[in-house]
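A.B. asks: Take a look at this one; I'll ask things after.
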């Protein structure tokens, strides 16, 4: 009976793994080719245009935010006198 | 000769340490703006840039390891040391909160009624939801070990299944704990009992959420065939972190929920 159970488990696993192959293919070799391209592009930009857009967005928000923080610090340093 | 003759990783120049540092500035000054000037824009900007930094920095590490092959055995050893040292620093972080709890509870002051729990505090019953939470996290420790063994044996489906169960147990813990927080008859402002209870369990809950997120990322990486049966340090790091979170809860349960009631 145990042998039958083991057989059933193996069939179930095989069925499930075939189904998963339909949904998920191994795209790692493609990625490896893309990121090992000898083009001198640093890893944070090597994925394509989306990388550059996200980088620029992050930088703008960070630098802009820092400028705003320093501005608020300046405002907070000279409180308005209350009459 | 243009190839490296050593096993180390000479990283490309990266902007993320800088953006990370600035995001920390924005978060801290943002907190000050929120507390004192009723403005949340800096804090929100800080949290957003922090998330953007974390996403891009860790995305780059995946690219460097899985796609570019930079994670040699030597590099992996360094990553292991790094994760271990980070977890040790987190142990010290929690040690502080446990110190505070024991300082106040071992010698309760007259203002508290000279007893622990202090007069007027109705503690939670440790045999109700807190015990269930303990079982949930212990079970998740078993399922994550199942996931690791499946991964090492090349059993893709079992690994995905058991990792998913681990993540679901983590989410279940978080939901249970959130419901407990709504049910407590005491609040964080209820003296030193409230402070120690919510600071310790609150930071623990945050770490459960962080751990569950880390595990979820591992789940998607496994779906995308990033891990091999012999090289999967990202998963191991997540598993170490998860076990740490589990152990902290055990200390919390025994000290605050059980002895502290």
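A.B. asks: So, in region B:215-237, exactly how many residues are over 19 Å from residue B:71 (Cα atoms) and in contact with a helix residue (DSSP H, G or I) (Cβ under 9 Å, 6 or more places away or on another chain)?
C.D. replies: The number of residues fulfilling the criteria is 4.
A.B. asks: A further question on this structure: With the condition being at pLDDT below 95, I'd like the helices (runs of 4 or more DSSP H) fully within chain A carrying at least 1 qualifying residues.
C.D. replies: A:2-23, A:49-77
A.B. asks: From the residues in region B:149-164 that are crowded, with 17+ Cβ neighbours inside 10 Å and within 20 Å of the chain's Cα centre (by Cα), which one is nearest to residue B:217 (Cα to Cα)?
C.D. replies: Of everything passing the filter in region B:149-164, B:163 is nearest to residue B:217 (Cα to Cα).
A.B. asks: I'd like the residue in region B:10-24 that is over 22 Å from the mean Cα position of the chain (by Cα) and assigned to a helix (DSSP H, G or I) and, out of all such residues, is farthest from the other protein chains (Cβ to nearest Cβ).
C.D. replies: Going through region B:10-24, the residues over 22 Å from the mean Cα position of the chain (by Cα) turn out to be B:10-15, B:18-19, B:22.
This time we only want the ones that are assigned to a helix (DSSP H, G or I), so: B:18-19, B:22.
Details: B:18: 8, B:19: 5, B:22: 4 Å.
That would be B:18.
A.B. asks: Here is a further query. Given the conditions (1) under 24 Å from residue B:90 (Cβ atoms); (2) in contact with a helix residue (DSSP H, G or I) (Cβ under 6 Å, 6 or more places away or on another chain), which single one is not true for residue B:138?
C.D. replies: So the condition that residue B:138 fails would be (2).
A.B. asks: Still on this structure, please answer the following. Scanning region B:37-62 for residues that are surrounded by 20 or more Cβ atoms within 10 Å (Cβ to Cβ) and free of Cβ contacts under 8 Å to residues at least 24 places away in the same chain, which turns out nearest to the other protein chains (Cβ to nearest Cβ)?
C.D. replies: Only one residue fits best here, namely B:45.
A.B. asks: Within the bounds of region B:182-190, is there any residue that is assigned by the TED database to the domain that holds residue B:167 and crowded, with 20+ Cβ neighbours inside 10 Å?
C.D. replies: no
A.B. asks: Determine if region B:159-168 includes at least one residue that is free of Cβ contacts under 8 Å to residues at least 12 places away in the same chain, more than 14 Å from chain A (Cβ to nearest Cβ) and over 22 Å from residue B:210 (Cβ atoms).
C.D. replies: no
A.B. asks: Here's another thing I want to ask about it. State the number of residues belonging to region A:53-77 that are under 30 Å from residue B:69 (Cα atoms) and surrounded by 13 or more Cβ atoms within 10 Å (Cβ to Cβ).
C.D. replies: Counting residues in region A:53-77 that are under 30 Å from residue B:69 (Cα atoms) and surrounded by 13 or more Cβ atoms within 10 Å (Cβ to Cβ) gives 5.
A.B. asks: Could we say that residue B:85 is free of Cβ contacts under 8 Å to residues at least 12 places away in the same chain, more than 14 Å from every other protein chain (Cβ to nearest Cβ) and either touching a helix residue (DSSP H, G or I) at 6+ places or on another chain (Cβ under 7 Å) or more than 30 Å from residue B:182 (Cα to Cα) (or both) here?
C.D. replies: yes
A.B. asks: What's the total number of residues in region B:18-36 that are touching a residue at least 12 places away in the same chain (Cβ under 8 Å) and farther than 16 Å from residue A:67 by Cα?
C.D. replies: 1
A.B. asks: Please go through region B:235-248 and pick out each residue that is under 16 Å from residue B:166 (Cα atoms) and either crowded, with 18+ Cβ neighbours inside 10 Å or in contact (Cβ under 8 Å) with a residue 60 or more places away in the chain (or both). First the steps, then the outcome.
C.D. replies: We begin by selecting, within region B:235-248, every residue under 16 Å from residue B:166 (Cα atoms); these are B:235-247.
Result: B:235, B:236, B:237, B:238, B:239, B:240, B:241, B:242, B:243, B:244, B:245, B:246.
The values are calculated or read from the model by the stated rules, or taken from the named source; none is laboratory data. Keep in mind the model is a prediction, meaning the values are calculated, not measured. Cβ atoms come from the backbone with ideal geometry, glycine included; neighbour counts cover every protein chain shown.
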